[in-house]
Amino acid sequence: MSNKPSVIIAGGGIGGLVAALCLIERGIEVAIYEQAAELKELGAGVQLSANGTRVLIHLGLGEAMAHAACTPVAKEVRLFNTGQTWKLFDLGEVSVARFGAPYWLMHRGDLHRILLDAVRARQPDCVVTSARATGFVQTADDITLHLDGGRTIRGDVLVGADGVHSAVRQTIFGQTPAKFLGIAAWRGVVPMERLPAHLARPVGTNWVGAGGHVVTYPIHESRLLNFVGAIERENWPVESWTEAGTHAEALADFEGWHEDVRTIVREMDVPYKWALLGRDPLPRYHEGRAVIIGDAAHPTLPFMAQGANMAIEDGMVLARCLEADSNVAAALARFSALRVGRTTRLVNAATDNAHRFHNPTLADPAEGAAYVAREWTEEKISARYDWVFQYDPITTPL
Ligand SMILES: Cc1cc2nc3c(=O)[nH]c(=O)nc-3n(C[C@H](O)[C@H](O)[C@H](O)COP(=O)(O)OP(=O)(O)OC[C@H]3O[C@@H](n4cnc5c(N)ncnc54)[C@H](O)[C@@H]3O)c2cc1C
């Protein structure tokens, strides 16, 4: 009889799929239960940094990812009203040279498809769709996942990779609704051919302004420009946390912003609006045979571009802990101890970036320019990001 555990994963997003790949790589039996009838991701972008891309390369996905990803030739900061521009570093070459792995800008659909294809190639029946987790019960010997409709699944370990509204988290920690973080985000993509030449470039741009910021970057073989525009809001109906809005509404939110931003907003295919949700940090991510990863464990403002990267890191560290220790509860406790500090630091760094990117000083062009010059020096950028990109989930000591 094998002494390897059988693992049930609730949720087939980025975190669940990467965890499955890392477990399969170690010969551990795994099954994913995903609520959606069909697995797909919203058409928008995601940035993957060296701490995440080194895992994907290790899993044998480097070629497929490099083909689908864009590497920015430059990164700029621009002031929201005057458009004044500061050229920063080139993340492409520099990321490989300094951190040993690339920085990739991806269409989320491309990333999700590559991960799903890889899981199905290794284990064709791994993903079960239309299977919504509602909770679990555990004993000293096993754990049972409950699915909508009354079905139950028994295993040795349950991984909650079921996102910010996680049912697994709720069963462990009780019902605590996700909090609206006071920031709404507009998201969408623009076909590059609709943009003037000076905006249709393989460049990542961070527009910073008083009370809001905008991030744009190329995805999908540079055929699309991805747009995320965050605006501070007093209130936002949380139940409509992801929905299509109108161009007029989005333009009203970017009143007074530079014409380049307004041009991109006008040309977006569908402007989606999101309420950015969070939760108070948790002291641990496990209970007995159950563990949570990704947004289920540590939802974050997306302002370090690390939510998906953290989910990828989680998958690798979790698989290594389960491989290293046949005592499941001890392995999950080790995972939790290894991950709480780093992920909490990253969530806090993203909140710090909200204050930085939305600083009231930015309202005045001269003071705003001085603020950018001060806050985006090479040394300060290095202090903010090097520790993030240097982390290696494949070799970090357990
Ligand atoms: C505007 C914005 C921009 C972002 N940009 C970046 C970026 O550039 N870089 C980055 O690293 N991160 C970014 N993120 C964060 C990133 O998208 C998330 O952190 C990441 O998707 C988390 O992955 P996950 O697998 O934990 O959760 P999810 O992607 O939410 O996946 C959860 C999965 O579980 C399923 N599910 C939910 N409930 C159940 C249930 N009860 N039973 C079964 N299945 C269930 C869902 O259908 C889904 O498939 C951004 C987020 C936002 C909002």
message: Could you check segment 283-300 and list, in sequence order, the residues that are away from the ligand (no atom under 16 Å from the Cβ) and either in a strand (DSSP E or B) or free of Cβ contacts under 8 Å to residues at least 60 places away in the same chain (or both)?
response: P283, R284, E287
message: With the requirement that a residue be assigned to a loop (DSSP other than H, G, I, E, B) and either more than 15 Å from the ligand (Cβ to nearest atom) or under 17 Å from I293 (Cβ atoms) (or both), what does segment 137-166 give you?
response: T139, A140, D141, D142, D156, A161, D162, G163, V164, H165, S166
- prompt: Of (1) at positive phi; (2) buried (at least 18 other Cβ atoms within 10 Å of the Cβ), G288 satisfies all except one. Which?
  reply: (2)
query: Looking at H298, is it closer than 27 Å to D352 by Cβ and either surrounded by fewer than 21 Cβ atoms within 10 Å (Cβ to Cβ) or under 18 Å from the mean Cα position of the chain (by Cα) (or both)?
result: yes
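Just to be sure, is T134 within 12 Å of the ligand (Cβ to nearest atom), more than 30 Å from A230 (Cβ to Cβ), modelled with pLDDT of 95 or more and not in a strand (DSSP E or B)?
Details: within 12 Å of the ligand (Cβ to nearest atom): yes; more than 30 Å from A230 (Cβ to Cβ): yes; modelled with pLDDT of 95 or more: yes; not in a strand (DSSP E or B): no.
Considered against the rule, which asks whether it is within 12 Å of the ligand (Cβ to nearest atom), more than 30 Å from A230 (Cβ to Cβ), modelled with pLDDT of 95 or more and not in a strand (DSSP E or B), T134 comes out as no.
With T351, T343 as the choices, which residue is surrounded by fewer than 21 Cβ atoms within 10 Å (Cβ to Cβ), among the hydroxyl-bearing types (S, T, Y) and under 27 Å from V46 (Cα atoms)?
Numbers: T343 fails: surrounded by fewer than 21 Cβ atoms within 10 Å (Cβ to Cβ).
It is T351.
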query: If you take just the strands (runs of 3 or more DSSP E) that sit entirely in segment 182-261, which of them hold at least 3 residues that are under 27 Å from R356 (Cα atoms)?
result: 203-209, 212-219, 224-232
- prompt: Scanning segment 71-96 for residues that are of a type outside the set (A, V, I, L, M) and out of contact with any helix residue (DSSP H, G or I) (no Cβ under 9 Å at 6 or more places or on another chain), which turns out surrounded by the fewest Cβ atoms within 10 Å (Cβ to Cβ)?
  reply: K87
task: Mind counting the residues in segment 339-398 that are of a type in the set (V, I, T) and either in contact with a Phe, Trp or Tyr (Cβ under 8 Å, 6 or more places away or on another chain) or in a helix (DSSP H, G or I) (or both)?
output: 9
message: Going through R169, R187 one at a time, which residue ends up being within 14 Å of the ligand (Cβ to nearest atom), touching a Pro at 6+ places or on another chain (Cβ under 8 Å) and within 30 Å of Y33 (Cα to Cα)?
response: R187
query: Among (1) within 8 Å of the ligand (Cβ to nearest atom); (2) touching a helix residue (DSSP H, G or I) at 6+ places or on another chain (Cβ under 7 Å), where does Q35 come up short?
result: (2)
task: Considering only segment 108-134, state which residues are in contact (Cβ under 8 Å) with a residue 12 or more places away in the chain and touching a Cys at 6+ places or on another chain (Cβ under 9 Å).
output: V119
- request: Check off (1) more than 13 Å from the ligand (Cβ to nearest atom); (2) within 26 Å of R262 (Cα to Cα) for A64 and give me the number that stays unchecked.
  value: (2)
message: Consider segment 97-122. How many of its residues are surrounded by fewer than 17 Cβ atoms within 10 Å (Cβ to Cβ) and outside any helix (DSSP H, G or I)?
response: 1
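The values are calculated or read from the model by the stated rules, or taken from the named source; none is laboratory data. The structure presented is a predicted model; accordingly, all values stated were derived computationally and were not measured. Every residue, glycine as well, gets a Cβ built from its backbone with ideal geometry; the counts of neighbours run over all protein chains shown.
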